[in-house]
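The values are calculated or read from the model by the stated rules, or taken from the named source; none is laboratory data. Remember, it's a predicted structure, so these values are computed and weren't measured experimentally. All Cβ positions, glycine included, derive from the backbone under ideal geometry; neighbour counts span all protein chains shown.
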Amino acid sequence: MVDSTFPGGLFNAKTSDFWSQLENTNFASYWSRCNTHVLAAHGASDFVSYQVDHQLVADVVNSVHPGWGKAVVVPSTDHLFSNWPTEAESLKHWPTGTFHPAFITIMRDWMSEVMKPKD
């Protein structure tokens, strides 16, 4: 089964050891200890990861530091922040595309909010 999934020993240019290590990593543990504000941005056209993954990152951060985690969805944007209207279009043209500037606006607004002096 591994040979059929990992032709030439690779899946998405990564070895089975990489995928095994990734599977066994407790990312929630790391996010809970990051001790900083976090913007978890997910592209609406991303077929690589899911919005729920990004929401979980924000939820974990917020469980330790309420209000420090924020999950957002960037419209017409894929995993590489390329401008594709749908997951299907992103997959069809992967990994090419034009950077979608909406992410810059979202990130800039979030940074301004986070850096705003607290009363």
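For this structure, a couple of remarks:
- Qualifying residue in segment 82-91 (condition: modelled with pLDDT of 95 or more, loosely packed, with under 14 Cβ neighbours inside 10 Å and part of a loop (DSSP other than H, G, I, E, B)): yes
- Among the residues of segment 31-57, those that are surrounded by 14 or more Cβ atoms within 10 Å (Cβ to Cβ) and part of a helix (DSSP H, G or I) comprise TRP31, SER32, GLN51, ASP53, HIS54, GLN55, LEU56, VAL57.
- Verdict on VAL60 being outside any helix (DSSP H, G or I) and either in contact (Cβ under 8 Å) with a residue 12 or more places away in the chain or assigned by TED's automatic domain parsing to the domain that holds ALA13 (or both): no
- Residues (among the polar types (S, T, N, Q) and free of Cβ contacts under 8 Å to residues at least 24 places away in the same chain) located in segment 31-56: GLN51, GLN55
- Test: residue in segment 18-30 that is more than 15 Å from the chain's Cα centre (by Cα), surrounded by 13 or more Cβ atoms within 10 Å (Cβ to Cβ) and without any contact (Cβ under 8 Å) to a residue 12 or more places away in the chain: yes
- For ALA71, the stated conditions do not hold, so it cannot be described as touching a residue at least 60 places away in the same chain (Cβ under 8 Å), in a strand (DSSP E or B) and closer than 22 Å to ARG108 by Cα.
- The residues of segment 92-104 that are without any contact (Cβ under 8 Å) to a residue 60 or more places away in the chain and either in a loop (DSSP other than H, G, I, E, B) or surrounded by 11 or more Cβ atoms within 10 Å (Cβ to Cβ) (or both), listed by number, are HIS93, TRP94, PRO95, THR96, GLY97, THR98, PHE99, HIS100, PRO101, ALA102, ILE104.
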